[in-house]
Every structure is written in C-alpha cells, then in structure tokens.
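J.: Provided herewith is a single structure, encoded as structure tokens, for subsequent inquiry.
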Amino acid sequence: MISSFEIRRKVFHVCLGLILSCGLYFGYFNWILIGVVTLLGGGVVLLTLHTRLPFISWFLENFERPQYIKSFPGRGIFFFFLSATLVSLLFSLDIAVASILILTFGDSAAHLVGAGLGRRRNPLSIGPVRMFEGLIAGIVCGMFAALLVVPFWLAFFGSLCALIVESIAIRIGGVQIDDNLLIPLIAGAVMSWMAFALF
C-alpha cells in the first residue's frame, strides 16, 4: 500500500517538474538560473542540519524521507534541480524538457503504481524491491509526457531506457545514484543520440 506521505511527495514532485519544464520551454528559466537556485538551495537546506529555519525546516519535516533528515535534507529536490541544470546545459531545449517530463511523470507513476498495485517483482531490480507493474506504468506515463515536445520514437525510447536503467538501482562506490539525477540524464542522452542518428 502506498502511504499518504508518499502520495504527498509525488504530488510535489509532479508540481516541481511541471514548473521546471514549463519554465524552460517558455524561456522563463535557463541552465544558469536553475544552477544558481540549485547551489543556493543546497546551501540553505544544509543549514537545517545545524539550525531550524522558518518554513524550510517545516517543509523538510513534512516532505523529506526520515532517513535523509539527519544526513542529506532536501536530497530529492537538490538532485531534481541539478539534473534540470545539466540537461538544459547539455541537450537541446525540446530534449531537455522531455527529459524532465519523463522524470516528472515516469518516476512518479512507477513508484505509485509499483507500491500500490504491484504484484510481480521487476526481474531487472538488483537493489531495493521494485515492481514490474511500476516499471510499465513509468515507461508509458513518461512516454506520453515526453510526446508533448518530442516525436514518438524519441519519447518511447527515452522513457524506456531511462526507466529500465533506473529500475536496476545503479550504485557507485556503494552509493545509489539518485533517480532524480539518473532518469533525465539517461533519457536525454538516448533521445539526443536517436535524434542525431535518425533525423
């Protein structure tokens, strides 16, 4: 069963993704602005390790997973902004926006459907238990979201590859790479390669 806490987190995840993707697409944001916000925001949330900050501490207590409160508060938001900075710097506008949309909707659907409706373990999962139904839901939702800005084949393979790689739970030096960083970079790299090869 999916908890109300996780639903609340995913609603915020979708809202944040929509703000970043729309801001980029319509020219309100660029990689420099998002990068500055990433650095400043990272510094602010790290202060919460030592002192309580109005609103920021309340927000983290209500939206952050307990295991990160004492070690890396705001981890998910930080990596979301970092990935948005990197994809908007490295890839074309349409592919950058599509990558963020795949993270926004694909990751949310994979988690909610996997936790709420999942019955079969994802055979690719070698880390935490992930459900096959969640993987399929994530691929489909990520693809349809990306279709708003890129052609079908880019949306499909970008979402497919990103969600499959994410489901494996890649680790470097024993530390798992955060989904919010991994998914957009994989999706953007795949779509960029395909756009170069096919178009």
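Values quoted throughout were computed directly from the atomic coordinates according to the rules given, and no laboratory measurement underlies them. Predicted model, so just to flag it, every value in this text is computed and none were measured. Note that each Cβ is placed from the backbone with ideal geometry, even for glycine, and that neighbours are counted across all protein chains shown.
J.: Looking at the range 19-89, what % of the alpha carbon pairs are farther apart than 21 Å? Please report the intermediate quantities before stating the final value.
T.: Values: 760 of 2485 pairs.
Cα-Cα pairs in the range 19-89 separated by more than 21 Å: 31 percent.
J.: State, as an integer percentage, the relative contact order of the chain based on alpha-carbon contacts under 8 Å between residues 6 or more apart. If you can, show how the numbers build up before the last one.
T.: Working: 290 pairs, mean separation 44.4, N = 199.
Dividing the mean separation by the residue count of the chain yields 22 percent.
J.: Arrange the following residues from fewest to most other Cβ atoms within 10 Å of their Cβ: C161, C141.
T.: Ordered from fewest to most neighbouring Cβ atoms within 10 Å, C161, C141 come out as C161, C141.
J.: Which FRET efficiency value, to the nearest 0.05, is calculated for I2 and F63 with the Förster distance at 22 angstrom and r the Cβ-Cβ distance?
T.: On the way: r = 15 Å, r/R0 = 0.70.
Result of the calculation: an efficiency of 0.90.
J.: Take each of the peptides 80-93, 22-35, average the number of other beta-carbon atoms within 10 Å over its residues, and list them starting from the highest. Walk me through the numbers before you get to the answer.
T.: On the way: 80-93: 21.8, 22-35: 15.3.
The most tightly packed comes first, giving 80-93, 22-35.
J.: Still on this structure, please answer the following. With +1 on each Lys and Arg Cβ and -1 on each Asp and Glu Cβ, and nothing else charged, work out how big the dipole of the chain is about its Cα centre, in Debye to the nearest 20. Working shown, then result.
T.: Values: 12 positive and 9 negative charges, 98 e Å.
Dipole magnitude for the chain comes out near 460 debye.
J.: Got a sec? How would L112, L40 order by Cβ neighbour count within 10 Å, fewest to most?
T.: On the way: L112 19, L40 11.
Neighbour counts put them in this order, fewest first: L40, L112.
J.: To continue, here is another question. Over the C-alpha atoms of the range 4-198, what are the Rg and the largest Cα-to-Cα span, Dmax, in Å?
T.: 16.3, 53
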